[in-house]
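Reading through the structure tokens given below for one structure.
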Amino acid sequence: MLKIFKKGHTTLTTDVETWAVRWNIKYGEFSSDQKEVAQFFTSKEEAKDFAESLKRANKLLGHTCSTLTWVKCERVTNIGL
């Protein structure tokens, strides 16, 4: 079902199970210059593998800042993450 309103939001519903992997990225010069990004998957296993890859990359690079090294993998529900 697709409902598009002139002012408001779009609602998309589907039976496809979707998984999101979320993490923060650094941009700019200041330590507070961070933003959350996400990659979406239709396979739980692919999402988990991707999340583990991000964790391994952080470890390899020696990152220790908790706001930059967190990675979350979760199922997207009808009400959001």
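The values are calculated or read from the model by the stated rules, or taken from the named source; none is laboratory data. All values derive from a computational prediction rather than experimental measurement. All Cβ positions, even for glycine, are placed from backbone atoms using ideal geometry, and neighbour counts span all protein chains on display. Protein only, heavy atoms only, side chains kept; ligands, DNA and RNA dropped before computing areas. Shrake-Rupley method; radii C 1.70, N 1.55, O 1.52, S 1.80 Å.
For this structure, a couple of remarks:
- Residue in the range 31-49 that is among the basic types (Lys, Arg), at pLDDT 95 or above and within 20 Å of Val76 (Cα to Cα) present: yes
- Any hit, the range 30-44, residues being surrounded by 11 or more Cβ atoms within 10 Å (Cβ to Cβ) and part of a helix (DSSP H, G or I): yes
- Inter-residue pairs, beta-carbon under 6 Å, first open to solvent by 90 Å² or more (accessible area, probe 1.4 Å) and in the range 60-73, second in a helix (DSSP H, G or I) and not aromatic (Phe, Trp, Tyr), 6+ apart: His63/Thr69
- Note on the range 45-59: among residues that are within 10 Å of Val21 (Cα to Cα) and among the aliphatic types (A, V, I, L, M), the one that is most open to solvent (accessible area, probe 1.4 Å) is Leu54.
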